[in-house]
1. Can you tell me what percent of all Cα-Cα pairs in region 110-183 are more than 20 Å apart?
2. What nm distance separates the two modelled labels at residue 36 and residue 72, each placed 7 Å from Cα along Cα→Cβ?
3. Where does the charge balance sit around residue 116 when Lys and Arg score +1, Asp and Glu -1, over other residues with C-beta under 13 Å from its C-beta?
4. Please give the net charge around residue 84, taking every other residue with its beta carbon less than 13 angstrom from that of residue 84, where Lys and Arg add +1 and Asp and Glu add -1.
Amino acid sequence: MTTQTSEPTPGPSAGTTAGPTPGLIPWLRRRSELGVAALLLATGVLVLADVAFATRSGNASDPLGPNAVPILLGLLLLLLAVLLATDVLRGGHGEAEAGEDIDLAVPADKRTVLMLAGVIVATAALIPLLGWPIAGTVLFWGASYALGSRAFPRDLLIAVAVSLTTWLVFDVLLGVDLPGGPLMGLI
C-alpha cells in the first residue's frame, strides 16, 4: 500500500539561499523504492534475455513450448517495475511497519543461527552419503531443536514423516529423483 506525499515546491528564491542545494542523493533517499523497481527491471530483462538466447527445445505439437512461462514471468516483472517506478515518481511510498515484534536493542541469538547453519551444512553433506530420507530427517529434526523444541520423540517422528513424504512426492509423483540412500531398496 502506498501513500501520496506532496513535496514542497521551490519558490522564486529557491536558488538564492546560502545553504547547500538538494542534490541527487537526498532525492534518491526519499525514493528508495526506485531501487526495488530497478532490481525488478533488471531481473525481468535477465529472464527475457535468457529465454531469447536459450537453445530451443520442445516439439511442434506443443503450442506453448517450454519458453511460455519464463516469457510471461519476464514480462510481468517488467510491468511490475514500470508500475512501481511510476507510483514512486508520482509521490507514493511504502508505509513503515506498524508492529514489528523484534527488539532491536537485544543482540541476535548467534547460537540459534549457528545451529541452523550447521544443520543446513550437515544436510548438504549427508544427502549424497545417506540419501534424502535420512538427511531430510536430520534437517527437520535439527531445525526444530535449534529453534527451541525439546519434544525429542515427537519431533523425530514428525521429521521422519515430513522427510519421507517429501521424498515420495518428489520421487514418485513428480518424477524428480532424490537420492534414497540405504533406504532405496526398502521403500
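1. Values: 829 of 2701 pairs.
When every Cα pair of region 110-183 is considered, 31 percent fall beyond 20 Å.
2. Each label point lies 7 Å from its Cα, and together they span 2.4 nm.
3. Values: positive: 110, 111; negative: 109.
After counting each charged neighbour, the total is +1.
4. Numbers: positive: 31, 90; negative: 33, 87.
It works out to a net charge of 0.
No lab work stands behind these numbers, since they all come straight from the coordinates. It should be emphasised that the depicted structure is a prediction, and the values quoted were computed from it without experimental measurement. Please note: Cβ atoms are built from the backbone with ideal geometry, for glycine as well, and neighbour counts cover all protein chains shown.
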